[in-house]
1. Would you please classify the overall shape of the stretch 60-126 from the alpha carbon gyration tensor, given that a ≥ b ≥ c denote the square roots of the eigenvalues, rounded means a/c under 1.5, and beyond that prolate means a/b larger than b/c while oblate covers the rest?
2. From the Cα gyration tensor of the stretch 92-140, with a ≥ b ≥ c the square roots of its eigenvalues, which class applies: rounded if a/c is under 1.5, or else prolate if a/b is larger than b/c, or else oblate?
3. Using modelled backbone amide H atoms (1.01 Å from N, in-plane), which distant-in-sequence or interchain residues come within less than 5 Å of GLN87's amide H?
4. Grab the beta carbon distance between VAL146 and ILE34, set R0 = 22 Å, and tell me the FRET efficiency rounded to 0.05.
5. Before rounding to the nearest 500, sum -39500 (n - 2.57) across all DSSP H runs of length at least 4 in the chain and divide by the residue total; then give [θ] at 222 nm in deg cm²/dmol.
6. Under the 0.36 nm per residue contour assumption, what length would be gained going from the current alpha-carbon distance of LYS115 and GLN45 to full extension?
7. Starting from the Cα gyration tensor of the stretch 1-132, take the square roots of the eigenvalues, sort them a ≥ b ≥ c, and report rounded, prolate or oblate (rounded when a/c is under 1.5, otherwise prolate if a/b is larger than b/c, else oblate).
8. Per residue of the stretch 11-21, in order, report the coupling 6.51 cos²θ - 1.76 cosθ + 1.60 (Karplus, θ = phi - 60°) as ³J(HN,Hα) in whole Hz, putting x for Gly and Pro.
Amino acid sequence: MARQIIQEQVETGGTAVPWSDTARYAKLMLERSILSLHEQTPASQITFCDRGIPDTLCYLRLIGHDDSEAVAASITYRYAQKVFLAQPWQAIYATDSERKQSFEEAVRTYNLMTKVYEECGYEIVELPLISPPERADFILGHVQKVVPSRLPISSSIPR
């Protein structure tokens, strides 16, 4: 979602990007996170979100902006109890036209992200530093332990 917003802003000449209008960028992130949650619920199958409302809360705290709207949204809109977080992995970390954060900034962001999700009452499950298919199996293994068997679980990650 963050990349999509950045790409859209760059394509249209907008300024709602992390290196320009951070407040507008955060507002778009929060709006899109809430919209995405509404679009996905109720769900007939297990659904994974790449980003969540607490991600925006974390971003607002990182940039030192008012986070009251994101705090309220984090209370109102809830995800499943378990949240899977991927720590920055130096061996594969790269910057590009949308990700301009240094590795050190990514580590600080991850540490605050962990704290924010915990403050919001979520259980953090840290993803191991393994291949994407192995990560998918790791996540599905966790989910299958707590999800009623009547809900299908699928993964579209190529093997």
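Read the figures in this text as sums done on the coordinates, not as results from a lab. In this text the structure is predicted, and so the values were computed from the model without any measurement. Virtual Cβ from ideal backbone geometry, glycine too; neighbours counted across all protein chains shown.
1. On the way: a/c = 2.45, a/b = 1.45, b/c = 1.69.
Judged from the Cα gyration tensor, the stretch 60-126 comes out oblate (a/c at least 1.5, b/c at or above a/b).
2. Details: a/c = 2.61, a/b = 1.10, b/c = 2.37.
Oblate is the answer for the stretch 92-140, as a/c is 1.5 or above yet b/c matches or exceeds a/b.
3. Placed amide hydrogens put LEU127 under 5 Å from GLN87.
4. Numbers: r = 25 Å, r/R0 = 1.13.
The formula returns an efficiency of 0.30 here.
5. Numbers: 6 runs with 82 residues, N = 159.
About -16500 deg cm²/dmol.
6. Working: separation 70, 0.36 × 70 = 25.20 nm, distance 2.86 nm.
Residue separation times 0.36 nm, minus the Cα-Cα distance, leaves 22.3 nm.
7. Details: a/c = 1.38, a/b = 1.09, b/c = 1.27.
Rounded, because the longest to shortest axis ratio a/c is under 1.5.
8. For the stretch 11-21, the Karplus curve yields 4, 9, x, x, 10, 7, 10, x, 9, 9, 9 Hz.
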